[in-house]
1. So what are the ³J(HN,Hα) numbers for segment 13-22, from phi and the Karplus equation (6.51, -1.76, 1.60; θ = phi - 60°), rounded to whole Hz, Gly and Pro as x?
2. Within the set of other residues whose C-beta is less than 13 Å from the C-beta of Phe71, count the net charge using Lys and Arg as +1 and Asp and Glu as -1.
3. May I ask for the net charge around Arg40, where only other residues with Cβ less than 13 Å from the Cβ of Arg40 are counted and Lys, Arg are +1 while Asp, Glu are -1?
4. Starting from the 7 Å offset along Cα-to-Cβ, what nm value, one decimal, do you get for the label separation of Glu98 and Glu30?
5. Read phi for every residue in segment 56-69 and hand back ³J(HN,Hα) as whole Hz from Karplus 6.51 cos²θ - 1.76 cosθ + 1.60, θ = phi - 60°, with x for Gly and Pro.
6. What list of ³J(HN,Hα) values in whole Hz, one per residue of segment 43-49 in order, does the Karplus curve 6.51 cos²θ - 1.76 cosθ + 1.60 (θ = phi - 60°) give from phi, with Gly and Pro shown as x?
7. Lys95 accessible area, nearest 10 Å², 1.4 Å probe?
8. Would you mind getting me the FRET efficiency between Leu62 and Thr86? Use the beta-carbon distance for r and R0 = 35 Å, nearest 0.05.
Amino acid sequence: MERTIITISENGNVNIQSNDVWMSEMELVELFWVIVPTLRAAIKAIYKSGTLFYTTTQRCDLATPKGWATFYNLEVVIALAFRLNTYEASRIRQKVLEGLCKRKDDGYKLFVLFKAEKMSCN
């Protein structure tokens, strides 16, 4: 399986080599500097909210010749960056926002899509 991972250098620079990001649970733990239960809870909350769907954002593949692992794509990494509260998550958020808001002479343009939910008044 060809894949790339996101890394953060010692001086805080976020390195994303390509859009074909697939990271294992342990790689995500190391990236965000969180413990496994925190990461799993955040992933579970993302899927439970309906923001992302596991059928399109995760896959199981051989991690070693004798063991399988679950890998998560770039969408999950970005969602985790906005859900977790660590220095590393803030660096990834900043990198994502810089990519969205490339400065032009006339200022910034940012489009945000919100999911509308039904509200009832009692």
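1. These are the phi-based 3J(HN,Hα) values: 6, 8, 10, 10, 6, 7, 7, 8, 8, 9 Hz.
2. Every neighbour counted, the sum reads -4.
3. So the environment of Arg40 carries a net charge of +2.
4. Going from the Glu98 label point to the Glu30 one covers 2.3 nm.
5. For segment 56-69, the Karplus curve yields 10, 10, 9, 8, 9, 8, 5, 8, 9, x, 10, x, 9, 9 Hz.
6. Those phi angles translate into 5, 4, 5, 5, 5, 5, 6 Hz.
7. 80 Å²
8. Step by step, r from the Cβ atoms, then E = 0.75.
The values are calculated or read from the model by the stated rules, or taken from the named source; none is laboratory data. Owing to the predicted nature of the structure, the values given are computational and were not obtained by experimental measurement. Backbone-built Cβ (ideal geometry, glycine too); neighbour counts: all protein chains shown. With ligands, DNA and RNA removed, areas are computed over all heavy atoms of the protein, side chains included. Shrake-Rupley method; radii C 1.70, N 1.55, O 1.52, S 1.80 Å.
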